[in-house]
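Undergrad: One structure, pasted below without further comment.
The values are calculated or read from the model by the stated rules, or taken from the named source; none is laboratory data. No experiment lies behind these values; they were computed from the predicted model shown. Please note: Cβ atoms are built from the backbone with ideal geometry, for glycine as well, and neighbour counts cover all protein chains shown. Remember, those area values only see protein heavy atoms, side chains included, never the ligands or the DNA or RNA. Shrake-Rupley method; radii C 1.70, N 1.55, O 1.52, S 1.80 Å.
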Amino acid sequence: MTDTQAAAYAAAVAKLLYAHGPSPRERLIAGCLAFGLSEEQANTIVERGLALSLYVVDPATGHLRAPQSLRREPTAFLGDGIIDPRKDPDVARRLAILRVLLSTAPVAMWAVDQAGYIIYYEGKALEGLGLQDGQFVGQSFQEVFGQHACAPYVARAFGGEIVEVSWEYGGIIWQNWCFPLKNAAGEVELVSLVSMDVTEARHAEQELRERLTTIERQQRVISELSTPIIEVWDKVLALPLLGVVDSTRAAMVMTNLLAEVVNKASQFILLDLTGVEAVDTATAGYMLDLLRAVRLLGAEGIITGIRPSVAQTMVTLGVDLGGIVTHATLRQGLQHCLRGLRQGGK
């Protein structure tokens, strides 16, 4: 057993003493034996904890207990040794920040040593799994998580790679960062993992995506309803325009209409402006471009339903409708088409 593993077990023993009060040395030794350790290893662990002042011997009873002068762990394992924060204020501040983070944010931190033992396991996020701080400390990573999705990423981190990955465990979605911690010789001594519970954020993200999909679907339906292409007679299509025609809508109308002209082998296209209350230069340009494109496909474009105000605006703008058939109503335009079809059939 390495000093690192012994310190990790001693820290776990210290947590029990802080939580449950003094305990006979023999009971703690028996607990270590229950984990499969030898008696020599168990004694090494207890002596290691005493040497690090993780706990002390009660002179009255001989039991091991937490130091009365400090009701929290006085030392912290930082990967390359044991540092006493009482002797290093900077380390104490960093540990205080880390403690606040682990006790308030939905994160968990854990570490695995070269021998494959879990030497650190702590964080508020563990509550969602029904786990406690230090619960797996001293246990084999392979036995606890060997079959879990995290195993190959931990192996990659031991190879020197920093890995960011997400997985699901215990019904919780975790965002994880696995990174190697190297010693002075450049060897990977530990792999540390930071896991963050992102379940709520992922669900909110999924809900937002579903809402965006719904909105896009609704927009497509609205666009189709606002520019419906109607087959009013064999080889006759009607396109009633409503509201304002902008560049995006005009492009969609032209694409859909030209496709229908080809699919239906249409000969006449009725562009009905009954629902258009006002036009500008751009709108008038869109309509003329549409009629020219229809003509290139061998069909005739007809404008119907121009309102007096729209007609006046088009004259003022200088819109040239020369060569384009116009009718006051859609009915008159349809009659024009039917006459054309009869004449073409003779």
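Undergrad: Of the residues Arg331, Arg307, Arg342, only one is open to solvent by 70 Å² or more (accessible area, probe 1.4 Å) and either of a type in the set (Phe, Trp, Tyr) or closer than 24 Å to Asn256 by Cα (or both); which?
TA: Testing whether each residue is open to solvent by 70 Å² or more (accessible area, probe 1.4 Å) and either of a type in the set (Phe, Trp, Tyr) or closer than 24 Å to Asn256 by Cα (or both) leaves just Arg331.
Undergrad: Output the qualifying pairs, or none if there are none: Cβ atoms under 9 angstrom, residues six or more apart or on different chains, first residue in the stretch 151-175 and farther than 24 Å from Thr199 by Cβ, second residue of a type in the set (Phe, Trp, Tyr) and assigned to a helix (DSSP H, G or I).
TA: What qualifies is Glu161/Tyr153.
Undergrad: Now for a separate question. Given the conditions (1) within 24 Å of Asp234 (Cβ to Cβ); (2) in contact with a helix residue (DSSP H, G or I) (Cβ under 6 Å, 6 or more places away or on another chain); (3) modelled with pLDDT under 85, which single one is not true for His327?
TA: Only one criterion in (1) within 24 Å of Asp234 (Cβ to Cβ); (2) in contact with a helix residue (DSSP H, G or I) (Cβ under 6 Å, 6 or more places away or on another chain); (3) modelled with pLDDT under 85 is unmet by His327, namely (3).
Undergrad: Hey, another quick one. Among the listed residues Gln135, Gln139, which satisfies the condition of being without any contact (Cβ under 8 Å) to a residue 60 or more places away in the chain and touching a strand residue (DSSP E or B) at 6+ places or on another chain (Cβ under 7 Å)?
TA: Gln135
Undergrad: While we're on this one: So, Leu338, is that one modelled with pLDDT of 85 or more and touching a helix residue (DSSP H, G or I) at 6+ places or on another chain (Cβ under 7 Å) or not?
TA: No; evaluated as a whole, the condition is false for this residue.
Undergrad: Starting from the stretch 271-288, keep only residues that are touching a residue at least 60 places away in the same chain (Cβ under 8 Å), then list their pairs with residues that are among the hydrophobic types (A, V, I, L, M, F, W, C) and open to solvent by 30 Å² or more (accessible area, probe 1.4 Å) whose Cβ atoms are within a distance under 9 Å, requiring at least 6 positions of separation or different chains.
TA: If the second residue must be among the hydrophobic types (A, V, I, L, M, F, W, C) and open to solvent by 30 Å² or more (accessible area, probe 1.4 Å), the pairs left are Asp272/Leu330.
Undergrad: Still on this model: Looking at Leu239, Leu257, can you tell me which residue is in contact (Cβ under 8 Å) with a residue 24 or more places away in the chain and either small (Gly, Ala, Ser) or outside any helix (DSSP H, G or I) (or both)?
TA: Being in contact (Cβ under 8 Å) with a residue 24 or more places away in the chain and either small (Gly, Ala, Ser) or outside any helix (DSSP H, G or I) (or both) holds for just one of Leu239, Leu257, which is Leu239.
Undergrad: Turning to a different aspect of this structure: Scan the stretch 42-55 and tell me whether some residue there is touching a strand residue (DSSP E or B) at 6+ places or on another chain (Cβ under 6 Å), outside any helix (DSSP H, G or I) and modelled with pLDDT of 80 or more.
TA: yes
Undergrad: If we keep just the residues of the stretch 270-302 that are assigned to a strand (DSSP E or B) and under 50 Å from the mean Cα position of the chain (by Cα), which is nearest to Pro240 (Cα to Cα)?
TA: Once the filter is applied, the top-ranked residue is Asp272.
Undergrad: Next question. Specify which of the listed residues (Leu70, Leu64, Leu101, Leu78) is at pLDDT 70 or above and open to solvent by 30 Å² or more (accessible area, probe 1.4 Å).
TA: After ruling out the rest, the residue left standing is Leu101.
Undergrad: Taking the stretch 237-269 on its own, how many of its residues are modelled with pLDDT of 80 or more and under 43 Å from the mean Cα position of the chain (by Cα)?
TA: Counting residues in the stretch 237-269 that are modelled with pLDDT of 80 or more and under 43 Å from the mean Cα position of the chain (by Cα) gives 12.
Undergrad: Can you name the number of the only condition in (1) under 23 Å from the mean Cα position of the chain (by Cα); (2) farther than 17 Å from Asn176 by Cα that Gln135 fails?
TA: Gln135 satisfies all of (1) under 23 Å from the mean Cα position of the chain (by Cα); (2) farther than 17 Å from Asn176 by Cα except (1).
Undergrad: Further question: Would a scan of the stretch 280-292 turn up a residue that is closer than 21 Å to Leu338 by Cα and either open to solvent by 10 Å² or more (accessible area, probe 1.4 Å) or modelled with pLDDT of 85 or more (or both)?
TA: Checked the stretch 280-292: at least one residue is closer than 21 Å to Leu338 by Cα and either open to solvent by 10 Å² or more (accessible area, probe 1.4 Å) or modelled with pLDDT of 85 or more (or both).
Undergrad: Only residues that are free of Cβ contacts under 8 Å to residues at least 24 places away in the same chain and within 19 Å of Arg295 (Cα to Cα): list them for the stretch 322-342, please.
TA: Gly322, Gly323, Arg339
Undergrad: Let me ask something else. May I ask you to say which residue of Leu28, Leu16 is of a type in the set (A, V, I, L, M), crowded, with 17+ Cβ neighbours inside 10 Å and modelled with pLDDT under 80?
TA: The match here is Leu16.
Undergrad: Another one. Run down Glu143, Glu164, Glu189 and say which single residue is open to solvent by less than 60 Å² (accessible area, probe 1.4 Å), of a type in the set (D, E, K, R) and either at pLDDT 85 or above or outside any loop (DSSP other than H, G, I, E, B) (or both). Talk me through it step by step, then tell me what you get.
TA: Values: Glu143 fails: open to solvent by less than 60 Å² (accessible area, probe 1.4 Å); Glu164 fails: open to solvent by less than 60 Å² (accessible area, probe 1.4 Å).
Of the residues listed, the single one that is open to solvent by less than 60 Å² (accessible area, probe 1.4 Å), of a type in the set (D, E, K, R) and either at pLDDT 85 or above or outside any loop (DSSP other than H, G, I, E, B) (or both) is Glu189.
Undergrad: Now, a different point. Condition first: in a helix (DSSP H, G or I), among the charged types (D, E, K, R) and touching an Asp or Glu at 6+ places or on another chain (Cβ under 8 Å). Can you find one or more residues in the stretch 15-30 that meet it?
TA: Yes, the conditions are met somewhere in the stretch 15-30.
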